[in-house]
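Notes for the one structure printed next.
The values are calculated or read from the model by the stated rules, or taken from the named source; none is laboratory data. Here the structure is a predicted model, which means the values were calculated and not measured. Cβ placement follows ideal geometry from the backbone for every residue including glycine, while neighbour counts extend to all protein chains displayed. Remember, those area values only see protein heavy atoms, side chains included, never the ligands or the DNA or RNA. Shrake-Rupley method; radii C 1.70, N 1.55, O 1.52, S 1.80 Å.
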Amino acid sequence: MRLHKIFLSVILLTAAIFQSCEEDVKNFEANSTSQLVATSYISPQDTVHRVFLQRTQPALGKRLSEEGLKVMDATVTLSDGQNTVNLAYDVTNNSYFVRAEAFAIVADKTYFLKVITPHGDRAEASCTVPSLKGIQITEQNYSSKVIHSKFDNYRYTEQKFDFKWQDAPGIENYYRASVYRTHTEIYPPTVQGYKVSSGSYHDVAREISADTKSNDQVMKSNEFKFISDVSNEFSKAYHFHMVLSVCDKHYYLYHKSVYAQLQNDDNPFAEPTLIYSNMVGGIGVFAAYNQLGATKVIE
Amino acid sequence: MVRNLHVLFQDKIEFYNLPRFFMKPGLLVLLLLLLSSFSPLLAQKKHTISGYIREKGSRELLIGVSVFQPGTINSTSSNTYGFYSITLPAVQDSVTLVFTYIGFRPETRKIALQQNTALNIELQHTTVLKEVEVIAERVQRVSESALMSTIDVPVDQIKNVPALLGEKDVMKVLQLMPGVQSGSEGNSGIYVRGGGPDQNLIILDDATVYNASHLFGFFSLFNGDALKSVELTKGGFPARYGGRLSSVIDLNMKDGNKEKLHGEGGISILSSRLMLEGPVKKGTSSFLISGRRTYADVLARPFMPKNEKPGYYFYDLNAKLNYDFGRKDKLYLSGYFGEDRFSYKTNYNGEKEETGVNWGNATGTLRWNHLFNDRLFANTSLIFSRYQFNIYSEEKSGEDTYSMRYSSGIRDLGLKFDLDFLPDPQHSIRAGFLSTAHRFSPSAFVLKDTDANQFESNVNHIDVVESAAYIEDTYKPLPRVRLNAGFRLSHLYTSGKHYLNPEPRLSASYSIKDDLAVKGTYTQMNQYVHLLSNTGIGLPTDLWVPSTNRVAPQRSKQVAFGIAKDLVEKGLSVTMEGYYKKSDDIIGYKEGASFLLLENPGSAETVRWEDNITRGQAWSYGAEWLLQKKVGRFSGWVGYTLSWTQLQFDSLNFGQKYYARYDRRHDISMVGIYKLSEGITLSGTWVYGTGNAITMPMGTYSASTNTPSKAGLGSNYYYNGREITQYGPMNGHRMAPYHRMDIGVQFHKKKRWGERTWDISIYNAYNRKNPFYYYIGVESQWNGNNFESESKLKQVTLFPIIPSVSYGFKF
């Protein structure tokens, strides 16, 4: 049992000892209407640019159905100030999209997102695509060891991987540093094998960082751990793929707030985590990132 | 410049130099001894009248007795140990001194002032002063004090105010004063001028009390039977006080009756209490012991199932022993021990399980009073204080045992030395130092699991040394001008770092008329210990942590201006004060941070508390009005506070300013106590407060987050589906206003053996449903085709109308 749950049960028991009663709150001034939510991340590396639209389930009042939360008839436009493109609705992905070849996203440029629904709801936001200038991956660290679990007498290999990069000087940067691993497994009688892609076990919120403390310094990623069965003698070379996303501040603040809330949503003692939004008129985020990557092969 | 002094000194001062400086009381004593010996030679010939002021019958030393020479501005008052000293010019005739104290008959003495004179006084307690006596006597007037923002609550008055379940509570009476606010319903934590409960220095006989509440804050741990005095300072702090930003609550325990055995006790719905005091050696030594325990657990036990035993109780124990070696030396040993214990035991087929939570304070003080001469009084205190919070879980199944213990706490060992030097009626000088070795244990964890052959012990202590030296003078340079000027130098050694902060203090008063004064004050405070709190309601889980090399001390600057007016003929006093307080480097939990450093015992993965906090600033400003009547058949007060409190933290609310949870625009309290006859006392209180600020959820939606794909650059993956809550502005909504009336009646009757009192009170007399908290509830209805759901805001009210009766006795 989690410690705060033990403590919560004590408090609830105490409250029950006292005579407590509950009733509906009337005349409470709070906005309980459904709001338009727009979320979009743009990047020069993406092949498709997508905008996700939905409506919020209002905290108070009648609950809307799943269909009622969808926004399928909005006018969604992306603009760079000179060129404007309309995004089409994609039923399969429940999102609005445009292919990258129809609308290019380039570094250092500011883009504008505008959403208008037939009911008159509007949401607008802008973001600037970060530059990769002065940023490069400088160091990669790999280690591995065999771990023997006392609990179930299981032996496994733990591979650790992290990397460093040079932060761009003179400007505030935000990063998302990710690593994933691929390797090819060949099981008899298959001779070609097949590619296996695997993620590490780690706290995803730690992938995101800001250079506020180390401007113009070498920055270090989170440590990524990968588990393999020691007896897996069919494994070939491991490829560790580093992806460094240079994000704008909107990307950083939104993801940080979402991960923080998700981690603590069952803890009544934690401070409520407010979700970041840069959307004017509605809520959500319009953010940009620019990626660079590298791969290290471990034979 | 002042602000950066600690930085300036940080590399210049060697660690051992500073404590050595603080540890030189001899220098200070020598200096003041020289002054006290030579000062009469420097001016005209003077003589000193000094002694102790006691209560007649019990010989209890009285604090704050007003001593004055009628027709002059010469006056003084007794200190915490009942000692007074007044030095007057030698005269041919005798001089007259008057000794007055609220609730006691005034004493007038004529003294032939030919030489230094020792004069001990005993004042007779009167249960009620007749109106005519009120007019005749000259009680300490608010317009005469240099200090402001200070509230002295008579302990007798505390016993007359109606209380929840008949449990008389010092802290809840303090909440009824302007500038002092309660948190949530029934909570004894106090918020002074926008500061949190951790910014109040609560000292019981010189020992700091870190968690002053029982039962999650519903009751405070101070037993009125054992208390002699309660004083709250909320601004204009004299230099002798420091270490907290918002207030000082100075409580002193009774010494114990030196003449005869005396007892007091009571039985209420919740608890029983008993206090005994009496002489160990008549006239020289006495003791006091006072205890209280709740008994809901004992009464409920027969109704519980055999296999399950839940239980909760709290207790308090105050004890004091003192020895009077004569005029020059006195020794006091006092202590407080109190604990809350909750446990839940089960036993099914030999499989035993026990889970529990307990927390408690223990304090101990050894004090030695020494009179160097008629004008120089010293007190030396050795102080111990400890607060500990524990959660435990134990299981036993066959041969296997599982045991988990988690605790946090703080332990203090301190030395304090204070001097009172009273060279003449114009000056009252105090100086001293204190040094406290704090040991913080933010997280101590022990796990033992024989089944998994697992044993882990993770105990982290942080040791810091907090010291301060101070000097202050209450000075009357002109007949209409009073000053309290002081300087405090505080220091903390922590994690290899020194913080040294000067704290200037100044309070000034100018009497426009005999009964009307304007006052002003400026204070700087530093706080080196911090309380990490999620709820702000003073839960025992709140974590005490020190300043470290990563966490700077909290600092505040406060200015206040006010008017004090005495309506002598009506026995009334009126004060109006305006204040502005700015605090820096206050700390709070980051959004989503948890109050336990160890979230999952199984993982034993601890979180550094310093990573969980965020630094910020606070702004508090407002105005307070108090109309008070302390004596007469009808006594009480009306208080009104208009205030604003805003906070800003780097990592909360995206760095934007927001109103504090307990920001209270309007706060009104009315207290009336009426002595209907010798045997009947009526009392009533009414309070009103703006609703607490809350953060409201506005709606929920599926968060679309962006994750770099395993398929390579350029084809990123959108994770769409985790439901998140969109909140409104931080503390941007208000709960309904809080208001409540309590009424009470006491029936006193003299008996052969002493006196008994029946106390009947009604809490929340008109059954106002005040909100304790809000939550969103979902109600579903079948409409013939499908379920329709509706979310509604619900309010939980904790205390409806609650009548109670208690029985008290004393002999």
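Model label sites at B:V518 and B:K769, defined 7 Å from Cα along the beta-carbon direction, differ in position by 5.1 nm. Take each peptide in B:765-773, B:415-423, B:279-287, count the other Cβ atoms within 10 Å of every residue, and average; sorted highest first, the result is B:415-423, B:765-773, B:279-287. Check the straight Cα-Cα distances from B:K306 and name the lysines below 26 Å, setting aside those fewer than 8 residues away within the same chain. B:K306 reaches A:K5, B:K345, B:K352, B:K396.
Gain on full extension, evaluated as 0.36 nm per residue between A:V146 and A:T128 minus their Cα-Cα distance, stands at 1.9 nm. Quick one: compute the contact order of region B:313-434, relative version, from alpha carbon pairs under 8 angstrom and 6+ residues apart, as a percent. Contact order relative to length: 19 percent. Look at the stretch B:390-403: the mean tally of other chain Cβ atoms within 10 Å of its residues' Cβ atoms is 1. As a calculated quantity, the FRET efficiency between A:A88 and B:E353 at R0 = 45 Å, using C-beta atoms, amounts to about 0.15. Dividing the Cα radius of gyration of region B:380-436 by its Kirkwood radius returns 1.49 for Rg/Rh.
Of all aspartates and glutamates in the structure, the ones whose alpha carbon falls short of 13 Å from that of B:K570, not counting any fewer than 8 places away in one chain, are B:E131, B:E133, B:E137, B:D515. Over all directions, the projected convex hull of the C-alpha atoms in region B:317-437 averages 10.9 nm² in area. Beyond 23 Å in Cα-Cα separation lie the following of the pairs B:K228/B:K260; B:K56/B:K330; B:K282/B:K416; B:K172/B:K519; B:K630/B:K769; B:K282/B:K675: B:K282/B:K416; B:K172/B:K519; B:K630/B:K769; B:K282/B:K675.
Between B:S403 and B:T72, the simple spin-label model (points 7 angstrom out along Cα→Cβ) gives 7.0 nm.
Calculated from the alpha-carbon coordinates, region B:651-810 shows an Rg and a Dmax of 26.9, 94 Å respectively.
Put a dot 7 Å past the Cα of A:T184, heading toward its Cβ, do the same for B:F809, and the two dots end up 9.5 nm apart. Taking other residues whose beta carbon is less than 12 angstrom from the beta carbon of A:T77, and scoring Lys, Arg as +1 and Asp, Glu as -1, yields 0.
Going by a ≥ b ≥ c, the root eigenvalues of the Cα gyration tensor, does region B:155-208 fall in the rounded group (a/c under 1.5), the prolate group (a/b larger than b/c) or the oblate group? It comes out oblate by the Cα gyration axes.
Using a probe of 1.4 Å, the accessible surface attributed to B:W686 totals some 70 Å² when neighbouring protein chains are kept in position.
Heavy-atom accessible surface of A:Y154, to the nearest 10 Å², is about 90 Å², with a 1.4 Å probe and all protein chains retained. Peptide A:44-50 shows a mean partner chain C-beta count of 3 within 10 Å per residue C-beta. Divide the volume of the convex hull around the Cα atoms of chain B by the residue count and you get 216 Å³ per residue.
Take the accessible area of A alone and of B alone, subtract that of the pair with a 1.4 Å probe, and the total buried over both chains is about 7100 Å².
Taking the C-alpha atoms only, the angle from helix B:25-42 to the longest principal axis of chain B is near 30 degrees. Pairwise inverse Cα distances across region B:646-704, averaged and inverted, put the Kirkwood hydrodynamic radius at 16.0 Å.
From largest to smallest, the equivalent ellipsoid semi-axes obtained for region B:205-302 from the alpha-carbon gyration tensor read 28, 24, 9 Å.
Using the Cβ-Cβ distance between A:T110 and A:A205 with R0 set to 25 Å, the FRET efficiency works out to roughly 0.35. The residues of chain B have, on average, 40 Å² of accessible surface per residue, using a 1.4 Å probe with all protein chains present. Shielding by partners for peptide A:36-43, expressed as the average number of C-beta atoms from other protein chains within 10 Å of each residue's C-beta, is 4.
The accessible surface of chain B, taken with every protein chain in place and a 1.4 Å probe, is 57 percent carbon and sulfur.
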